[in-house]
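Here the structure is laid out as structure tokens; the discussion comes afterwards.
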4 protein chains.
Amino acid sequence: MTFTYHRTVRFIETDAAGVVYFSRLLEWSHEVYETSLIASGIDPQRFFSRSQAWVTPIVETGAKFFQPMTCGDRLEIVMRVESVFTSEFRCDYEFFFEGSQREFHTAQAFTRHVCIDTETRKRRSLPDELIAWLQVFVDP
Amino acid sequence: MTFTYHRTVRFIETDAAGVVYFSRLLEWSHEVYETSLIASGIDPQRFFSRSQAWVTPIVETGAKFFQPMTCGDRLEIVMRVESVFTSEFRCDYEFFFEGSQREFHTAQAFTRHVCIDTETRKRRSLPDELIAWLQVFVDP
Amino acid sequence: MTFTYHRTVRFIETDAAGVVYFSRLLEWSHEVYETSLIASGIDPQRFFSRSQAWVTPIVETGAKFFQPMTCGDRLEIVMRVESVFTSEFRCDYEFFFEGSQREFHTAQAFTRHVCIDTETRKRRSLPDELIAWLQVFVDP
Amino acid sequence: MTFTYHRTVRFIETDAAGVVYFSRLLEWSHEVYETSLIASGIDPQRFFSRSQAWVTPIVETGAKFFQPMTCGDRLEIVMRVESVFTSEFRCDYEFFFEGSQREFHTAQAFTRHVCIDTETRKRRSLPDELIAWLQVFVDP
């Protein structure tokens, strides 16, 4: 299953070349991730704080750009999630201009997250709330 | 009349003190301004480019902070606009936690914009499309 | 006394109008503030964390813009600090193009900070390390 | 040959988890790239504008994170550049804590740039000023 999110490109996200600055794509990817967590009932203030037993930092990211985006563009972003190991998951994001054909995406990105113990900084298995979130995305 | 906008605080907008970094409030103010322009039929790509005869840069801004905001908070932002001279307008923004009483705002901000000729950099009167946008906000 | 800081305008700090996005000025102001704290021996990681007894959030800010700045511009930023009450201080920032006359600044900004107890969120007097930092800026 | 750059982590670059937000690494990478262009005599305002015959947008980027960074950390960033085709080049960035051993980097990143004609959006060979910049990085 996928999670779909809609977003308008803001003026601050453009640069003097008149188009979107490249790393904004990764901020938007994280925004989709946050929104999907909230949609599955997770409290983002607690989830992203240092005060719980585990954290899920991004250990790798990447993006490809196919078409420039500019201020006011309406984007449709489609996220897919998969667990990689018991301690790791990966999110893939595809970016489309709203209303365009799904074959022609404007960009794509991914983030890879590892679950670690906050104290020891060692890998540990994903907590139940993340497993529940992941299962929303698993095809039956 | 006012323009009301809703927004969720994102993780990137917080800092290591656990709350929203102060200047984010001004980015959100501009986001509300952009959204109100789009709502009145203005194309933001053209409006915010250098290729037209006039621009409306911000010449002054300010903000006051009453309560900290954090990741996941749902905000309601209310914008009021007034023309100051034929060449100038001012936007006021009030920030509330969604669902809270209107007497208790979390922050407020303003931006003051002057319309200038792109070539000469001298003040000129507001173009028709901005006057139309302003009139949406004028009480009858 | 004043604290002087030099900085180059980055590409990400410009927008599709070809010039610096307005709220970047406040990020630069905070960067100067941080640098002055480090220069007086303060550890910024500890200072800006939630784990100590007090914090000094910004309760008010403002800026005025006189000339547009663009990618690659070299700026000289001059900070002045004054204590307002025993629980409050204010930083003023003036922005110049490097090598220009001091009468012609490109922008100015300020931040007003209040010292509060982390637990009770009530005002308290400035801690010794901030008083020491302030005294660097006091004229003899 | 390599280009080495030093930088302090700013408060705004941290998030509520207390460490650097992941996509900041790519902003810093671009800052190193800009600085190396300026060092080779290129005017960044012209280079990054839409008004010349060619542009060199980023078509792909990526990053890996090995250790968290936090406010006030002093970083040493080492950039290597290689031309891939006559129309394409790639920049690799390695991030170290200042004073640490070169075997232990905190993160790494890359950006891949393609030179295109501003009008036709088709690939073209790199302009002379970029070839000159690239040759600075070529070992004899």
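The values are calculated or read from the model by the stated rules, or taken from the named source; none is laboratory data. Fair warning: this is a prediction, and the values are worked out from it, not measured in the lab. No Cβ is skipped: glycine too gets one built from the backbone with ideal geometry, and neighbour counts run over all protein chains shown. Remember, those area values only see protein heavy atoms, side chains included, never the ligands or the DNA or RNA. Shrake-Rupley method; radii C 1.70, N 1.55, O 1.52, S 1.80 Å.
Quick one: which of D:14, D:2 is of a type in the set (Val, Ile, Thr) and within 7 Å of another protein chain (Cβ to nearest Cβ)?
Answer to the selection: D:14.
Quick check on segment A:100-127: of everything there that is away from every other protein chain (no Cβ under 14 Å) and under 21 Å from residue A:66 (Cβ atoms), which residue is surrounded by the fewest Cβ atoms within 10 Å (Cβ to Cβ)?
Once the filter is applied, the top-ranked residue is A:103.
Which of the residues that make up segment C:17-32 are more than 9 Å from chain D (Cβ to nearest Cβ) and either hydroxyl-bearing (Ser, Thr, Tyr) or under 13 Å from the mean Cα position of the chain (by Cα) (or both)?
Those that are more than 9 Å from chain D (Cβ to nearest Cβ) and either hydroxyl-bearing (Ser, Thr, Tyr) or under 13 Å from the mean Cα position of the chain (by Cα) (or both): C:21, C:23, C:24, C:25, C:26, C:28, C:29, C:32.
What residue, of B:82, B:103, B:94, is in contact (Cβ under 8 Å) with a residue 24 or more places away in the chain and among the acidic types (Asp, Glu)?
Of the residues listed, the single one that is in contact (Cβ under 8 Å) with a residue 24 or more places away in the chain and among the acidic types (Asp, Glu) is B:82.
Of everything in segment C:56-112, what is acidic (Asp, Glu) and in a strand (DSSP E or B)? Give them in sequence order.
Answer for segment C:56-112, where residues must be acidic (Asp, Glu) and in a strand (DSSP E or B): C:60, C:76, C:82, C:88, C:92, C:94.
Return the residue satisfying two criteria in turn: it lies in segment D:78-99 and is of a type in the set (S, T, N, Q) and surrounded by 13 or more Cβ atoms within 10 Å (Cβ to Cβ), and of such residues it is farthest from residue D:22 (Cα to Cα).
D:87
Which pairs turn up if I take residues in segment D:111-140 that are of a type in the set (Gly, Ala, Ser) and look for partners that are modelled with pLDDT under 95 and open to solvent by 70 Å² or more (accessible area, probe 1.4 Å) with beta carbon separation below 6 Å, at least 6 apart in sequence or on another chain?
Taking only residues 6 or more apart or on different chains, the pairs are D:125/D:86.
Could you give every pair whose Cβ atoms fall below 6 Å, whose first residue belongs to segment B:42-69 and is facing another protein chain (nearest Cβ under 7 Å) and closer than 22 Å to residue B:8 by Cα, and whose second residue is assigned to a strand (DSSP E or B) and of a type in the set (A, V, I, L, M), counting only separations of at least 6 or pairs across chains?
B:63/B:109; B:65/B:107; B:65/C:59
Working only within segment B:128-140, note down all residues that are surrounded by 12 or more Cβ atoms within 10 Å (Cβ to Cβ) and outside any loop (DSSP other than H, G, I, E, B).
B:129, B:130, B:131, B:132, B:133, B:134, B:135, B:136
Considering only segment D:59-87, state which residues are among the β-branched types (Val, Ile, Thr) and touching a helix residue (DSSP H, G or I) at 6+ places or on another chain (Cβ under 8 Å).
If the condition is that a residue be among the β-branched types (Val, Ile, Thr) and touching a helix residue (DSSP H, G or I) at 6+ places or on another chain (Cβ under 8 Å), then D:61, D:70, D:77, D:81 are the ones that fit.
Of all residues in segment C:95-140, how many are at pLDDT below 95 and among the hydroxyl-bearing types (Ser, Thr, Tyr)?
So the count comes out to 3.
Do you know which residues across segment C:70-95 are more than 15 Å from the chain's Cα centre (by Cα) and more than 14 Å from every other protein chain (Cβ to nearest Cβ)?
C:84, C:85, C:86, C:87
Out of all the residues in segment A:1-19, is one or more touching a Leu at 6+ places or on another chain (Cβ under 8 Å) and free of Cβ contacts under 8 Å to residues at least 60 places away in the same chain?
Checked segment A:1-19: no residue is touching a Leu at 6+ places or on another chain (Cβ under 8 Å) and free of Cβ contacts under 8 Å to residues at least 60 places away in the same chain.
Please go through segment D:11-51 and give me each residue that is on the phi < 0 side of the Ramachandran plot, outside any helix (DSSP H, G or I) and open to solvent by 30 Å² or more (accessible area, probe 1.4 Å), ordered by number.
Selection gives D:19, D:40, D:43, D:50, D:51.
Could you please find all residues in segment B:110-124 being under 22 Å from the mean Cα position of the chain (by Cα) and more than 19 Å from residue C:21 (Cβ to Cβ)?
B:117, B:123, B:124 - these are the residues of segment B:110-124 that are under 22 Å from the mean Cα position of the chain (by Cα) and more than 19 Å from residue C:21 (Cβ to Cβ).
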